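**Student:** Below is the structure I would like to discuss, written out as structure tokens.
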Amino acid sequence: MPSWVGEEIPVPHKVASEVGTIRRRVGELYGEGKKINGIAQTLSQEYPADPKTLERAISETYEQYEQGLPVPNDHLLTVEEWDDFIIVNSHLGTLVNRTLARLIGHLLSDEAGVSVGIQQDPYRIVFQAVGGVDANDVVKMVRRLSEIEVDEVAITASKRTGLFKRRLVHVARRFGAISKWTDFSSITLRQLAKSFEGTVIMDEAVRETLERDMDIPHTKEVLQAIARHEIQLKVVKTVAGEATPIARIGLERISRKTDLIPTEKLGQILVGSAKARILNEVKTIVCTNCWKYVEMKRVKDIPATMECPECGSKTLAALAVSDEDVRKILSKNGTHLSEREKNVLSRAEETAKLVNKYGRLAVYTLAGRRVTPEAAADILRKHRKPTNGFYEAIMEAEREALKERFW
């Protein structure tokens, strides 16, 4: 999905909306009974990307449809709660989401009388409010904004942000009102704003904030579309209050740029993301006893008891190559094999020993990125159940593999 970091290049409303269109298209194809690989194949004919890339890009979207949960798109904003966070999944772009976040946060803060933490990216807004505010309150605020003129509210809300303080300082320096070397770290936004209230400096800072850091025109269009019910709002409830797959990846991305999400809660998100990724990986299962059974299976579809349907053996390998490649190698009956093909067979024998000993859990471990059979064996000796600690161990093995690759 298109994404940029920081203030460098905002994702336009049109681009973010197209991502929502793709998610809606995935839903249409899912409704026709297509699996994720078939959906990716269809999308590759509509967008300039190969099926494998698209399959990775839509994995969380597909997972959310499989869970029977509403999926946000260009015609639907979803609102959900996770811990003390409220997530608005909105394909509106960087500036519209920032504008909407400021407007909602301003109204919530004034009405609930609580401090509201805000973060956003092109595809979602995250609010943190301790007590008294829930997803339904956010929906009510959005509906109220769709019924009023937001220009004045936007100006008032923008003046409360740290972003506005930076704009005000830059403008004041350009006007020569303050020295280039003045230290503003100990001065509050309220003190700074008060000193320039009613001046051309304040007017210019507000103008630049509205033009460069917010998008009032497109925000008004979105709010009008909500008022006309062209864009729907829906509160999403999940089992055990977990974040939805799409919200989860958003929380993970936002956490890289801010300390809004505490470390221990971020750990929960990372483990959830790793688990979903691993279970959605596809491995080629090969019987190393009879060598007649070869099948590609999604990890989460692998049964608890693994055995070859041809000979009943439990020595099944889990490989990261396609079933077609494996069949080509096996068709040579061990003759005229390249080094790569010999390595594939050797890897099959190694992984089959792990699967024979540890069953499905071995496949989970081997589905980690660049996790070797040796690293998998270390993990499996220490973890016999797919607990959070088990997935954390896989994540650590992935990090070590990445270090070895570059160092």
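**Student:** Hey, any hits in the stretch 99-115 for a residue that's of a type in the set (Asp, Glu) and at pLDDT below 95?
**Tutor:** Within the stretch 99-115, one or more residues are of a type in the set (Asp, Glu) and at pLDDT below 95.
**Student:** Looking at the stretch 296-316, which of its residues are within 30 Å of the chain's Cα centre (by Cα) and either in contact (Cβ under 8 Å) with a residue 12 or more places away in the chain or part of a strand (DSSP E or B) (or both)?
**Tutor:** 296, 297, 298, 299, 300, 302, 303, 304, listed by residue number.
**Student:** Criterion first (under 28 Å from the mean Cα position of the chain (by Cα) and farther than 22 Å from residue 275 by Cβ) does residue 371 satisfy it?
**Tutor:** So residue 371 does not fit the description; no.
**Student:** Checking the conditions here, which among 199, 161 is among the hydroxyl-bearing types (Ser, Thr, Tyr) and crowded, with 16+ Cβ neighbours inside 10 Å?
**Tutor:** Residue meeting the stated conditions: 161.
**Student:** What's the number of the only condition in (1) closer than 30 Å to residue 293 by Cα; (2) without any contact (Cβ under 8 Å) to a residue 24 or more places away in the chain that residue 404 fails to meet?
**Tutor:** Exception for residue 404: condition (1).
**Student:** Does the stretch 95-119 hold any residues that are among the polar types (S, T, N, Q) and either part of a loop (DSSP other than H, G, I, E, B) or in contact with a strand residue (DSSP E or B) (Cβ under 7 Å, 6 or more places away or on another chain) (or both), and which are they?
**Tutor:** Selection gives 97, 109, 115, 119.
**Student:** Here's a check for you: in the stretch 66-89, which residue that is within 15 Å of the chain's Cα centre (by Cα) and not in a strand (DSSP E or B) is farthest from residue 282 (Cα to Cα)?
**Tutor:** Once the filter is applied, the top-ranked residue is 72.
**Student:** Restricting the search to the stretch 142-158, which residues are crowded, with 21+ Cβ neighbours inside 10 Å and either in a loop (DSSP other than H, G, I, E, B) or modelled with pLDDT of 90 or more (or both)?
**Tutor:** Selection gives 142, 145.
The values are calculated or read from the model by the stated rules, or taken from the named source; none is laboratory data. Just so it is clear, the structure is predicted and the values come from calculations on it, not from any experiment. Using ideal geometry, Cβ is built from the backbone for each residue, glycine included, and neighbour counts are taken over all protein chains shown.
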